[in-house]
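The values are calculated or read from the model by the stated rules, or taken from the named source; none is laboratory data. Remember, predicted model here, so these are calculated numbers, not experimental data. Note: ideal-geometry Cβ built from the backbone for every residue, glycine included; neighbour counts use all protein chains shown. Calculation scope for accessible area: heavy atoms of the full protein, side chains included, ligands and nucleic acids excluded. Shrake-Rupley method; radii C 1.70, N 1.55, O 1.52, S 1.80 Å.
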Amino acid sequence: KSVLPTTQSGGKTVLANFLTESSDITEYNPTQGVRILEFENPHVTSNNKGTGCEFELWDCGGDPKFESCWPALMKDSHGVVIVFNADIPSHLKEIETWYSCFVQQQFLQNTQCLLIAHHKPGSGSDKDNPALAPPLNKLKLVHSNLEDDPEEIRMEFIKYLRSIINSVSESRDREEMSIIT
């Protein structure tokens, strides 16, 4: 399970639908609480059989009124994708809160987090990296613009999913070895 928190009106739902190849939502409706997307990605495998892995992507609403639900949303997550609207400067401060709650408090590693600077259609595509405060500046940051280069973000997301699968596999291997020894 990966959790996808975002700032309000960050473009996360449209991006989540694109990345999971779910239905197209073209008009903006704020996510109320959480929306769970189950999907299989044939480009990400966990074994040598070549079968795709199944994932759950929990699309979390960015409204602070849902903050009391966050602990339940984060439980048993293996990764976090933080999406923010790169064109709204106040979002840089908001993602610090998301990082603290969804990554640090869950003891996830920075490699289990992907930061996406989402550019909405028509906003231009400024690929300059925003000035991120530590420790956000240590995270993998990718830019997404579904209008200009949708395949770039899809490929980055597949790389992220592969790193999550590797992390989970390594963790299970260590757990199995500790039981054996």
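Can you tell me which condition E27 does not meet? The list is (1) at pLDDT 75 or above; (2) open to solvent by 70 Å² or more (accessible area, probe 1.4 Å), and all the others hold.
With (1) at pLDDT 75 or above; (2) open to solvent by 70 Å² or more (accessible area, probe 1.4 Å) applied to E27, the lone miss is (1).
Please go through region 51-60 and pick out each residue that is open to solvent by less than 70 Å² (accessible area, probe 1.4 Å) and over 13 Å from the mean Cα position of the chain (by Cα).
Matches in region 51-60: G52, C53.
Out of region 126-174, which residues are touching an Asp or Glu at 6+ places or on another chain (Cβ under 7 Å) and loosely packed, with under 14 Cβ neighbours inside 10 Å?
A133
Where the second residue is open to solvent by 40 Å² or more (accessible area, probe 1.4 Å) and among the β-branched types (V, I, T) and the first is under 10 Å from L15 (Cα atoms) and at pLDDT below 90 and lies in region 140-154, which pairs have Cβ atoms under 9 Å and are six or more apart or on separate chains?
Every condition considered, the pairs that remain are L146/V14.
Going through L108, L132, L114 one at a time, which residue ends up being under 16 Å from the mean Cα position of the chain (by Cα), in a loop (DSSP other than H, G, I, E, B) and either at positive phi or not small (G, A, S) (or both)? Write out each step before concluding.
Numbers: L132 fails: under 16 Å from the mean Cα position of the chain (by Cα); L114 fails: in a loop (DSSP other than H, G, I, E, B).
When all the criteria are applied, what remains is L108.
Would you be able to tell me the number of residues in region 30-50 that are open to solvent by 70 Å² or more (accessible area, probe 1.4 Å) and either part of a strand (DSSP E or B) or modelled with pLDDT of 80 or more (or both)?
Residues meeting the conditions: 5.
Which pairs turn up if I take residues in region 83-99 that are surrounded by 20 or more Cβ atoms within 10 Å (Cβ to Cβ) and look for partners that are among the β-branched types (V, I, T) with beta carbon separation below 6 Å, at least 6 apart in sequence or on another chain?
Partner pairs satisfying both residue conditions: V83/T6; V83/I116; F84/T7; F84/I95; H91/T7; E94/T7; I95/I82; W98/I82.
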